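**Student:** Structure below; questions to follow.
The values are calculated or read from the model by the stated rules, or taken from the named source; none is laboratory data. On a predicted model such as this, the values are computed, not experimentally measured, just so you know. All Cβ positions, even for glycine, are placed from backbone atoms using ideal geometry, and neighbour counts span all protein chains on display.
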Amino acid sequence: APGAQEFIPPSADTIDELRAAAGGCRGCELYRDATQTVFGRGGEHARVVFVGEQPGDIEDQKGLPFVGPAGRLLRKAVDDAALDPAQIYLTNAVKHFRFELRGKRRIHQTPDRVHVTACRPWLVAEFARLRPEIVVVLGATAAKALLGPSFRVTKQRGELLPWPAAAQHPEDFERVPVDRTGAVADAPAARLLATIHPSAVLRADNQDVAYEGLVADLKVAAKALR
Ligand code: URA
Ligand code: SF4
């Protein structure tokens with residue numbers, strides 16, 4: 001698979017231009033079975049970017065990220081953490097839905113590392129255009145996309161971390177690439193915070209405890225914005 005980079009027009013200066021180009025991405029095989037590319041959404045001046053794993057079944061059909069049950073829970077958590085929804089942009093590490101057909105049902109499949117790597121140029125391009133102050137990574141797939149395969153959400157959740165381009169990486173993990181303007185590396189204010197995925201809250205034995213943990217982590221981000 002060629003990866004997404006060759007599908008990103010160097011002239012795409014805005015999120016809308018990136019989104020339009022991503023509609024034609026064939027950077028990995030996931031475009032074949034999915035309905036459509038699900039790009040990020042939110043304000044061009046968002047201060048906080050949330051990165052999930054990949055669109056779910058409903059997101060795939062609607063073409064919008066976080067519009068299913070996990071998205072509903074995430075929006076409630078954002079609200080309970082007193083983060084301003086107008087300051088937020090939502091996206092995913094992988095922009096096509098990966099699934100397995102069982103009869104007529106489409107069962108979510110976690111994307112592989114090849115998909116995450118192939119799709120990462122879109123994420124980097126979003127960061128470069130948005131220049132967020134904080135990137136919140138939701139769950140292991142997003143965390144590994146930006147922090148490398150050895151990162152453990154359970155151990156380092158809820159902590160404000162330095163931007164990974166400035167951090168050390170395991171040797172098998174390429175540095176998060178910087179766009180042609182060098183914008184990502186030049187955004188010293190950007191910090192990263194990992195937390196659990198809202199879908200993990202929905203699957204937890206004790207949903208209330210898991211939810212409160214998510215909100216507590218998001219409050220760390222909310223405080224850091226003030
Ligand atoms: N889960 C994700 O990670 N992203 C979505 O957009 C929806 C559910
Ligand atoms: Fe392109 Fe990402 Fe879709 Fe793969 S998952 S085709 S890299 S947009």
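**Student:** Return yes when Ala142 is within 15 Å of ligand 2 (Cβ to nearest atom) and either aliphatic (A, V, I, L, M) or in contact (Cβ under 8 Å) with a residue 12 or more places away in the chain (or both) and no when it is not. I'd like the intermediate steps shown before the answer.
**Tutor:** Numbers: within 15 Å of ligand 2 (Cβ to nearest atom): yes; either aliphatic (A, V, I, L, M) or in contact (Cβ under 8 Å) with a residue 12 or more places away in the chain (or both): yes.
Criteria met by Ala142.
**Student:** On to the next question. Going by the structure shown, is Asp79 in contact with a strand residue (DSSP E or B) (Cβ under 6 Å, 6 or more places away or on another chain) and charged (D, E, K, R)? Full working, then the answer.
**Tutor:** On the way: in contact with a strand residue (DSSP E or B) (Cβ under 6 Å, 6 or more places away or on another chain): no; charged (D, E, K, R): yes.
It is false that Asp79 is in contact with a strand residue (DSSP E or B) (Cβ under 6 Å, 6 or more places away or on another chain) and charged (D, E, K, R).
**Student:** Still on this structure, I have one more. Might you check whether a residue that is more than 9 Å from ligand 2 (Cβ to nearest atom) and not small (Gly, Ala, Ser) occurs anywhere in segment 24-33?
**Tutor:** Within segment 24-33 (the criterion being more than 9 Å from ligand 2 (Cβ to nearest atom) and not small (Gly, Ala, Ser)), the answer is yes, since at least one residue qualifies.
**Student:** How many residues are within 13 Å of ligand 1 (Cβ to nearest atom) and over 13 Å from the mean Cα position of the chain (by Cα) if we restrict to segment 78-93?
**Tutor:** We begin by selecting, within segment 78-93, every residue within 13 Å of ligand 1 (Cβ to nearest atom); these are 89-93.
Next, from what is left, pick out any that are over 13 Å from the mean Cα position of the chain (by Cα): none.
The qualifying residues number 0.
**Student:** Another question, if that's okay. Looking at segment 189-202 only, could you name the residues that are surrounded by 12 or more Cβ atoms within 10 Å (Cβ to Cβ) and out of contact with any Lys or Arg (no Cβ under 6 Å at 6 or more places or on another chain)?
**Tutor:** At the first step, the residues of segment 189-202 found to be surrounded by 12 or more Cβ atoms within 10 Å (Cβ to Cβ) are 190-202.
Across segment 189-202, the qualifying residues are Ala190, Arg191, Leu192, Leu193, Ile196, His197, Pro198, Ser199, Ala200, Val201, Leu202.
**Student:** Then there's this: Here's a check for you: in segment 129-163, which residue that is more than 14 Å from the chain's Cα centre (by Cα) and under 16 Å from Gly40 (Cα atoms) is surrounded by the fewest Cβ atoms within 10 Å (Cβ to Cβ)?
**Tutor:** Arg131
**Student:** Shifting gears a bit: In segment 38-58, which residues are surrounded by fewer than 23 Cβ atoms within 10 Å (Cβ to Cβ) and within 16 Å of ligand 2 (Cβ to nearest atom)?
**Tutor:** Arg41, Asp57 - these are the residues of segment 38-58 that are surrounded by fewer than 23 Cβ atoms within 10 Å (Cβ to Cβ) and within 16 Å of ligand 2 (Cβ to nearest atom).
**Student:** Moving on to the next point. Between a first residue in segment 47-73 that is closer than 17 Å to Arg203 by Cβ and a second residue that is basic (Lys, Arg) and part of a helix (DSSP H, G or I), which pairs have beta carbons less than 9 Å apart while being 6 or more apart in sequence or on different chains?
**Tutor:** If the second residue must be basic (Lys, Arg) and part of a helix (DSSP H, G or I), the pairs left are Phe66/Arg72; Phe66/Arg75; Gly68/Lys62.
**Student:** Give all pairs with beta carbons closer than 8 Å in which a residue from segment 80-101 that is touching a residue at least 24 places away in the same chain (Cβ under 8 Å) and in a strand (DSSP E or B) meets a residue that is within 16 Å of ligand 2 (Cβ to nearest atom) and basic (Lys, Arg); count only pairs at least 6 apart in sequence or on separate chains.
**Tutor:** Every condition considered, the pairs that remain are Tyr89/Arg41; Leu90/Arg41; Thr91/Arg41; Phe99/Arg106.
**Student:** Turning to a different aspect of this structure: Give Phe66, Phe97 a once-over and let me know the one that is crowded, with 23+ Cβ neighbours inside 10 Å, of a type in the set (Phe, Trp, Tyr) and within 12 Å of ligand 2 (Cβ to nearest atom).
**Tutor:** Checking each option against the conditions leaves just Phe97.
Conditions (1) among the polar types (S, T, N, Q); (2) assigned to a loop (DSSP other than H, G, I, E, B); (3) modelled with pLDDT of 95 or more; (4) touching a Cys at 6+ places or on another chain (Cβ under 8 Å), marked per residue:
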position: Thr181; (1), (2), (3), (4): yes, yes, no, no
position: Val184; (1), (2), (3), (4): no, yes, no, no
position: Ala194; (1), (2), (3), (4): no, no, yes, no
position: Ser199; (1), (2), (3), (4): yes, no, yes, no
position: Glu212; (1), (2), (3), (4): no, no, yes, no
position: Ala216; (1), (2), (3), (4): no, no, yes, no
position: Val220; (1), (2), (3), (4): no, no, yes, no
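**Student:** Given the conditions (1) closer than 25 Å to Ala21 by Cβ; (2) surrounded by fewer than 22 Cβ atoms within 10 Å (Cβ to Cβ); (3) away from ligand 2 (no atom under 15 Å from the Cβ), and given that Arg102 satisfies all but one, which numbered condition is not satisfied?
**Tutor:** If we test Arg102 against (1) closer than 25 Å to Ala21 by Cβ; (2) surrounded by fewer than 22 Cβ atoms within 10 Å (Cβ to Cβ); (3) away from ligand 2 (no atom under 15 Å from the Cβ), just (1) comes out false.
**Student:** State yes or no: is Arg19 surrounded by fewer than 15 Cβ atoms within 10 Å (Cβ to Cβ), under 18 Å from the mean Cα position of the chain (by Cα) and within 16 Å of ligand 1 (Cβ to nearest atom)?
**Tutor:** Working: surrounded by fewer than 15 Cβ atoms within 10 Å (Cβ to Cβ): no; under 18 Å from the mean Cα position of the chain (by Cα): yes; within 16 Å of ligand 1 (Cβ to nearest atom): yes.
No; evaluated as a whole, the condition is false for this residue.
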